[in-house]
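Comments concern the structure below.
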Amino acid sequence: MAFPEGFLWGGAVAANQYEGGWQEGGRGMAMTDVTTGGTVTEPRYVTYIDKDGNHGKMRNGGTLPEGAHYAVLPEYHYPNHDAVDGYHHYKEDIALFGEMGFKQFRMSISWSRLFPTGLENEANPEGVAFYKSMFEEMRKNGIEPLVTIWHFDTPLYLEEHCGGWENRETIDHFVRYATACFREFKGLVHHWLTFNEINNTVMFLPFSGNTSDEAYQGAYQHLHNKFVASAKAVQIGHAIDRDNMIGCMICGIAWYPMTCDPADILLANHQREEGVYYCGDVQVFGEYPTYATRLWNEHNVVLDITEQDLVDLQLGTVDFYTFSYYMSNVVTTHKVTDTVKGNFSAGARNEYLTYSDWGWATDATGLQWFLESAYDRYQLPLMVVENGLGAYDTVEADGSIHDPFRIDYYRQHIEAMDKAIENGVDLWGYTTWGCIDVVSAGTGEMRKRYGFIYVDMDDEGKGSMARSRKDSFYWYKKVIATNGADLSDDFEK
Ligand code: BG6
């Protein structure tokens, strides 16, 4: 096996899907607090009260009707409010990660736990104390934190009253927040990621149902503002602690052409550029790529970019490149008869692959392809910071949970990483997604489970929050103990 000594095995969660405690410790609200639960076929909705006092809901990414305000409505369940109650269970959870032998745990800081509206000048001391305690707990268990500064949770106040990421002022609010993170957690954290899956804003725009030029204009400006915010944060993070390593995080979907028709090959390349490379190229190379002009022209986008922005992008390039990897997707210029129906997956079905219950293609070879092409393009250290299979789990009468399908999924993907490392890729770490069951970001469900650790909580918010070890827990523990050398089905309970 090729995994280098010191390889950072571990797992990942995000604050809004893990913590809960939405009204504790002085935390302010985020968009996820007004987002309902959904299913694979029914989208999640953002809820509001309109100017006449009527209750309303809209797709995430939509625009509030004039005079309306975001609101928590009594007729809906909001799964992120309590999530899996990491706010009160983190010590127990980190001990379980330690038992598995984690070297690294990726988590995110809730912006509104530190800056409840986003406008405050100083960070909320209770929020700071909470994360310090989490980091100290990790240290006790020999686990290095990998901290995502933004994982889908801009304070709701900034979204509602300040125009969110389409407004350049959000850059300054984010920079103040990121600076507080670097200062407060100096010495406790050395590995940071600025924005989770930054490329989703444009790549997933078609799922919002609005692909007008106006929507693209907003999405590309939103991204530009995040690029500048990230670049400024990188500069500040380096100045505060020279030991800080700061990376980008890209949603790593492998886009394939359906046929060898040259038109399909070109379409797949363009899809990779728009969906995946656009963001990584700016964050790694510090400037917009040549094809950016084509992308903007396709949607009549004209960006507000200042001279200082261009300087910041150059000065704030990232130290390493990370990505999530769940699936590949297929594009074609030809008529499609067999389509994929899932949440955040669409297009032609790939006849060579199998699909999860949520319509996501299992494709470990795609991970090898992604690793090799990303390393070839960027020549920076890589980390796979999310990977996993969302699936149903059954708790047996004796409390055990057998998840051979999950073990199988991980085995295939670890083998793919192994091959990429053998082929020269400098891969530093692997944090599986939802190492403990969390609320699904896409559907808001609990039943779409990824964890090695089961959490007793259902889609209606019923359950004890008790934690238990699945079979995959023991298997992953062995994988880590052997540094990836033993991926067999044998494991000791
Ligand atoms: C990534 C996100 O898109 O995929 C995570 O960074 C998310 O937040 C993960 O949970 C899996 O998606 P889902 O919809 O199954 O939770």
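The values are calculated or read from the model by the stated rules, or taken from the named source; none is laboratory data. Remember, predicted model here, so these are calculated numbers, not experimental data. Counting neighbours? That spans all protein chains shown, and the Cβs are built from the backbone with ideal geometry, glycine included.
Just checking, does region 371-379 include any residue being in contact (Cβ under 8 Å) with a residue 12 or more places away in the chain and in a strand (DSSP E or B)? Among the residues of region 371-379, not one is in contact (Cβ under 8 Å) with a residue 12 or more places away in the chain and in a strand (DSSP E or B), which makes the answer no. Across region 378-402, the number of residues qualifying as more than 16 Å from the ligand (Cβ to nearest atom) and either touching a strand residue (DSSP E or B) at 6+ places or on another chain (Cβ under 7 Å) or not hydroxyl-bearing (Ser, Thr, Tyr) (or both) comes to 12.
Among the residues of region 308-339, the ones that are in a strand (DSSP E or B), touching a residue at least 24 places away in the same chain (Cβ under 8 Å) and hydroxyl-bearing (Ser, Thr, Tyr) come to 4 in all. The set of residues in region 430-481 that are free of Cβ contacts under 8 Å to residues at least 60 places away in the same chain, under 24 Å from residue 414 (Cα atoms) and away from the ligand (no atom under 16 Å from the Cβ) comprises 474, 478. The set of residues in region 393-449 being aromatic (Phe, Trp, Tyr), crowded, with 23+ Cβ neighbours inside 10 Å and out of contact with any helix residue (DSSP H, G or I) (no Cβ under 9 Å at 6 or more places or on another chain) consists of 433 alone.
Residues 61, 25, 98: which one is away from the ligand (no atom under 16 Å from the Cβ) and at positive phi?
25
Between residues in region 272-292 that are farther than 15 Å from residue 201 by Cα and residues that are acidic (Asp, Glu) and surrounded by fewer than 23 Cβ atoms within 10 Å (Cβ to Cβ), which pairs lie under 7 Å by C-beta distance while being six or more apart or on different chains? Every condition considered, the pairs that remain are 289/281; 291/273. Restricted to region 412-493, the set of strands (runs of 3 or more DSSP E) holding at least 3 residues that are under 18 Å from residue 364 (Cβ atoms) comprises 427-433.
When region 129-157 is limited to residues that are touching a helix residue (DSSP H, G or I) at 6+ places or on another chain (Cβ under 6 Å) and assigned to a strand (DSSP E or B), the one that is nearest to the ligand (Cβ to nearest atom) turns out to be 149.
Filtering region 73-122 to residues that are surrounded by fewer than 24 Cβ atoms within 10 Å (Cβ to Cβ), under 30 Å from residue 45 (Cα atoms) and in contact with a Leu (Cβ under 8 Å, 6 or more places away or on another chain) leaves 117, 119. Search region 248-261 for residues being away from the ligand (no atom under 14 Å from the Cβ) and in contact (Cβ under 8 Å) with a residue 40 or more places away in the chain, and hand back the single one that is surrounded by the most Cβ atoms within 10 Å (Cβ to Cβ). Within region 248-261, the match that is surrounded by the most Cβ atoms within 10 Å (Cβ to Cβ) is 256. Against the conditions (1) in a loop (DSSP other than H, G, I, E, B); (2) surrounded by fewer than 12 Cβ atoms within 10 Å (Cβ to Cβ), residue 297 satisfies every one except (1).
For region 337-357, filtered to residues that are within 21 Å of residue 43 (Cα to Cα) and touching a Lys or Arg at 6+ places or on another chain (Cβ under 7 Å), the residue that is nearest to the ligand (Cβ to nearest atom) is 340. Can you find a residue that is modelled with pLDDT of 95 or more, farther than 20 Å from residue 211 by Cα, crowded, with 21+ Cβ neighbours inside 10 Å and hydrophobic (A, V, I, L, M, F, W, C) anywhere in region 285-294? Taking every residue of region 285-294 in turn, none turns out to be modelled with pLDDT of 95 or more, farther than 20 Å from residue 211 by Cα, crowded, with 21+ Cβ neighbours inside 10 Å and hydrophobic (A, V, I, L, M, F, W, C). I'm told residue 373 meets every condition in (1) closer than 21 Å to residue 260 by Cα; (2) touching a strand residue (DSSP E or B) at 6+ places or on another chain (Cβ under 7 Å); (3) away from the ligand (no atom under 16 Å from the Cβ) except one. Can you identify the failing condition by its number? Every condition holds for residue 373 apart from (2).
Within region 314-336, being among the aliphatic types (A, V, I, L, M) and more than 16 Å from the ligand (Cβ to nearest atom) holds for 315, 318, 330, 331, 336.
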